[in-house]
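Enquirer: I have a structure I would like to understand better, so I am pasting it below and will then ask my questions one at a time.
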There are 2 protein chains.
Amino acid sequence: MAGPIKSDAHKLPEKVARILAGEIGQGRFVTGKPLPPESELAERFGVSRTVIREALARLKYDGLVESRPRVGAIVVPAGQRRAFRLDSLDPKSGQDLRNLYELRALVESGAAALAAVRHGAKDIERMEKHLASIDQALETGRLGASPDLAFHRDLATASGNPVLDDFMRFLNTKVSGMIRMARRKSNQDPVLAAMVQDEHREILEAVGSGDSERARRAVLSHMQKGALRQGLEIVIPGGPRDLGRHLEP
Amino acid sequence: MAGPIKSDAHKLPEKVARILAGEIGQGRFVTGKPLPPESELAERFGVSRTVIREALARLKYDGLVESRPRVGAIVVPAGQRRAFRLDSLDPKSGQDLRNLYELRALVESGAAALAAVRHGAKDIERMEKHLASIDQALETGRLGASPDLAFHRDLATASGNPVLDDFMRFLNTKVSGMIRMARRKSNQDPVLAAMVQDEHREILEAVGSGDSERARRAVLSHMQKGALRQGLEIVIPGGPRDLGRHLEP
DNA sequence: CGCTATAATATTGTATGACAAATAAACACG
DNA sequence: CGTGTTTATTTGTCATACAATATTATAGCG
């Protein structure tokens with residue numbers, strides 16, 4: 001039995017890891033009890049122990065199992081994961097995209113509220129610079145997607161919370177990746193781009209003025225409109241009332 | 001040269017992966033260009049190719065590198081990570097814990113706002129049941145930590161957004177894990193526990209009444225007080241104004 | 001008989017060597 | 001100069017061997 005099985009797939013460990021993770025998730029293995037030994041799994045999947053080993057390494061890394069010598073890879077009590085992933089999301093599913101957008105809106109609006117009360121002078125400078133870059137891009141006919149992303153990153157940074165910053169970067173790349181996937185024919189419409197830019201300015205002004213509630217609503221509104229531009233209607237976490245208008249009754 | 005190097009650490013691949021990830025993060029490798037070949041890395045770290053392989057597998061899994069035959073493990077453009085982790089947080093660092101708490105407060109308050117407008121009848125039932133379990137636990141002298149966690153999970157579920165739900169579960173285990181780490185002598189005070197329970201009831205009532213703004217503030221207040229009970233003062237993302245009081249002016 | 005120290009044993013951790021697969025780069029050829 | 005072919009390098013997978021480790025069984029002792 002020498003040589004690879006067939007060469008029909010070039011990522012054996014990935015496949016094995018997926019299958020095992022699925023079975024663990026469905027409770028096919030008792031938590032606290034060990035999985036079958038590596039050698040046995042190797043036999044069952046028809047691959048070498050090396051592949052099993054690499055697959056198990058992933059599960060360990062995610063905290064799904066924890067392996068100990070002489071006992072095996074024991075299944076750790078549910079919900080002790082060490083990593084948060086969004087792999088199972090389907091880029092073509094509108095529902096998944098909506099859920100993701102919703103989470104992003106929630107987090108980013110909160111970050112803006114924090115940024116309003118915590119930002120430093122350089123934060124505002126950075127954001128202004130990036131907005132100017134977008135303007136410049138629009139004048140030259142380009143879309144300015146890159147400074148746009150930078151602006152949102154600035155917002156995260158200005159929140160003064162590195163954990164939040166980190167998560168927002170993760171989410172944003174995920175969202176933009178999914179959007180790119182979902183619709184290659186991005187909207188090149190300059191009128192829309194100008195609208196977006198207005199929303200950006202409102203956000204910056206709100207943050208700069210130190211009004212966290214206004215900043216929060218500005219981002220919420222921006223996110224909701226952004227989702228709409230993608231053809232998605234999302235519920236605004238702050239409540240569907242007061243959409244768009246601000247706080248003066 | 002047979003046998004492992006010394007047995008001074010039981011997880012070589014983990015260490016190697018950490019080092020490599022750090023070096024990549026600090027830009028010591030050019031993005032788009034391949035890392036040194038596995039054999040070379042093995043030599044450099046003084047371990048076998050097996051270990052390097054397992055370390056690289058982790059980096060690949062997180063999307064930091066992407067390996068192709070004949071060219072090597074190329075460094076993928078920054079910010080394309082496939083997993084969000086909180087491993088680098090120090091459980092003993094008050095700052096880290098505060099940042100984590102802040103993110104949690106932000107997300108969970110948003111989830112509550114969503115739950116207020118989206119919950120179904122069974123969601124409320126579940127939450128009531130878990131609150132009752134806490135009451136029961138308090139009467140028997142126990143702390144009721146487990147139904148407490150369940151109540152927060154219910155909130156996530158009632159938001160109707162599975163992605164949000166998933167993330168909240170991840171965050172909550174992370175937070176509670178860090179708290180357990182940080183202070184073993186948990187507060188067994190029954191008076192405090194009763195206070196917490198009052199806050200829970202306010203949250204449930206707010207969600208049940210469909211008032212998302214009130215739900216959001218109730219959770220925010222609960223989180224802030226919870227942090228205070230842990231000796232942490234956190235900034236409330238919704239803005240420091242209006243703390244605790246509700247919306248009727 | 002019950003408790004503790006020791007040995008047997010199964011399983012993971014790591015090392016080594018071999019070969020297959022894939023592909024970028026060098027090369028040959030028209 | 002462009003294009004197809006060979007070559008070389010690197011990853012992917014397999015197989016085997018031994019070390020480390022902790023569980024379990026066993027033996028020894030009070």
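The values are calculated or read from the model by the stated rules, or taken from the named source; none is laboratory data. Keep in mind that this is a model prediction, so the values were computed, not measured. Cβ: placed from backbone, ideal geometry, glycine included. Neighbour counts: every protein chain shown. Side chains are part of the model used for accessible areas, which takes the heavy atoms of the whole protein and leaves out ligands, DNA and RNA. Shrake-Rupley method; radii C 1.70, N 1.55, O 1.52, S 1.80 Å.
Enquirer: Averaged over B:116-129, how many beta carbons belonging to a partner chain fall within 10 Å of each residue's beta carbon? Walk me through the numbers before you get to the answer.
Expert: Values: counts 2, 6, 1, 0, 0, 0, 0, 0, 0, 0, 0, 0, 0, 0.
Mean shielding by partner chains, rounded to a whole number: 1.
Enquirer: On to the next question. For A:VAL30, place a label point 7 Å from Cα along the Cα-to-Cβ direction in every copy; what are the distances to the other copies, in nm, shortest first?
Expert: The projected label point of A:VAL30 is separated from its counterparts by 5.6 nm.
Enquirer: Related question: Grab region B:1-150 and count how many Lys pairs have their alpha-carbon atoms under 26 Å apart, sequence gap of 8 or more, or different chains.
Expert: Here the count comes out as 7.
Enquirer: Along its principal axes, what span do the Cα atoms of region B:1-149 show, with the longest given first and each in whole Å?
Expert: 64, 37, 30
Enquirer: Pop out a list of residues from region A:193-223 that are at least 30 Å² less accessible with all the protein chains around than in their chain alone; 1.4 Å probe, no ligands or nucleic acids counted.
Expert: In region A:193-223, residues shielded by partner chains: A:SER212, A:GLU213, A:ARG216.
Enquirer: Also, I was wondering about something else. Using Cα-Cα distances under 8 Å and only pairs 6 or more residues apart, what relative contact order does region A:94-229 have, in percent?
Expert: Values: 147 pairs, mean separation 55.9, N = 136.
About 41 percent, as a whole number.
Enquirer: Got a number for the accessible area of A:LYS129? Probe 1.4 Å, square angstrom, nearest 10.
Expert: Solvent-accessible area, nearest 10 Å²: 130 Å².
Enquirer: Now a separate question. If you count, for every residue in A:83-93, the Cβ atoms of partner chains within 10 Å of its Cβ, what is the mean?
Expert: Partner-chain Cβ atoms within 10 Å, mean over residues of A:83-93: 4.
Enquirer: For the interface of chains B and A, what total accessible area is buried with a 1.4 Å probe, rounded to the nearest 100 Å²? Numbers along the way, then the final one.
Expert: Values: alone 14980 and 15010 Å², together 25380 Å².
Chains B and A together bury roughly 4600 Å² of accessible area.
Enquirer: What order, most packed first, do the peptides A:87-97, B:157-167, A:195-205, A:16-26 have when packing is the mean number of other Cβ atoms within 10 Å of each residue?
Expert: B:157-167, A:195-205, A:16-26, A:87-97
Enquirer: Here's another thing I want to ask about it. To the nearest 10 degrees, how steep is helix A:49-61 against the longest Cα principal axis of chain A, on a 0 to 90 scale?
Expert: The helix A:49-61 is inclined about 40 degrees to chain A.
Enquirer: Express the accessible area of chain B per residue in Å², computed with a 1.4 Å probe while the remaining protein chains stay in the model.
Expert: Spelled out: the 1.4 Å probe surface of chain B, per residue, equals 51 Å².
Enquirer: Determine the relative contact order of region A:12-75: mean sequence separation of Cα pairs under 8 Å and six or more apart, normalised by residue count, in whole percent. Each step should come with its number before you reach the end.
Expert: Working: 65 pairs, mean separation 26.9, N = 64.
Across region A:12-75, relative contact order equals 42 percent.
Enquirer: Still on this structure, please answer the following. If you add up the charges near A:ALA42, with Lys and Arg at +1 and Asp and Glu at -1, over every other residue whose beta carbon is less than 10 angstrom from its beta carbon, what do you get?
Expert: 0
Enquirer: With a 1.4 Å probe and every protein chain kept in, tell me what percent of the accessible surface of chain A is carbon plus sulfur.
Expert: 53 percent
Enquirer: Considering the convex hull of the alpha carbon atoms of chain A, report its projected area averaged over all viewing directions, in nm², one decimal.
Expert: Its Cα hull, projected and averaged over all orientations, spans 18.0 nm².
Enquirer: Determine the shape class of region A:77-147: with a ≥ b ≥ c the square roots of the Cα gyration tensor eigenvalues, call it rounded for a/c under 1.5, and otherwise prolate if a/b is greater than b/c, oblate otherwise.
Expert: Because a/c hits 1.5 or more and a/b fails to exceed b/c, region A:77-147 counts as oblate.
Enquirer: Tell me the relative contact order for chain A as a rounded percent, counting alpha carbon contacts under 8 Å between residues six or more apart.
Expert: 19 percent
Enquirer: If only Cα atoms are counted, what is the Rg of region B:94-229, and what is its Dmax, in Å?
Expert: My reading of the Cα-based Rg and Dmax gives 14.0, 39 Å.
Enquirer: Next question, about the same structure. Above 42 Å lies some portion of the pair distances; for the protein assembly as shown, what is it as a whole percent of all C-alpha pairs?
Expert: Numbers: 28979 of 123753 pairs.
Of all Cα-Cα pairs in the protein assembly as shown, 23 percent lie more than 42 Å apart.
Enquirer: Please report the projected area of region A:12-75's Cα convex hull averaged over all directions, in nm².
Expert: Projected over every direction and averaged, the Cα hull of region A:12-75 covers 3.7 nm².
Enquirer: Across peptide B:160-171, how many C-beta atoms of other chains are within 10 Å of each residue C-beta, on average?
Expert: Rounded to a whole number, the mean comes out at 6.
Enquirer: Multiplying the sequence separation of A:ALA194 and A:GLU139 by 0.36 nm and subtracting their Cα-Cα distance, what value in nm do you get? All intermediate terms of the calculation are to be shown ahead of the outcome.
Expert: On the way: separation 55, 0.36 × 55 = 19.80 nm, distance 1.05 nm.
Extending this stretch completely gives an extra 18.8 nm.
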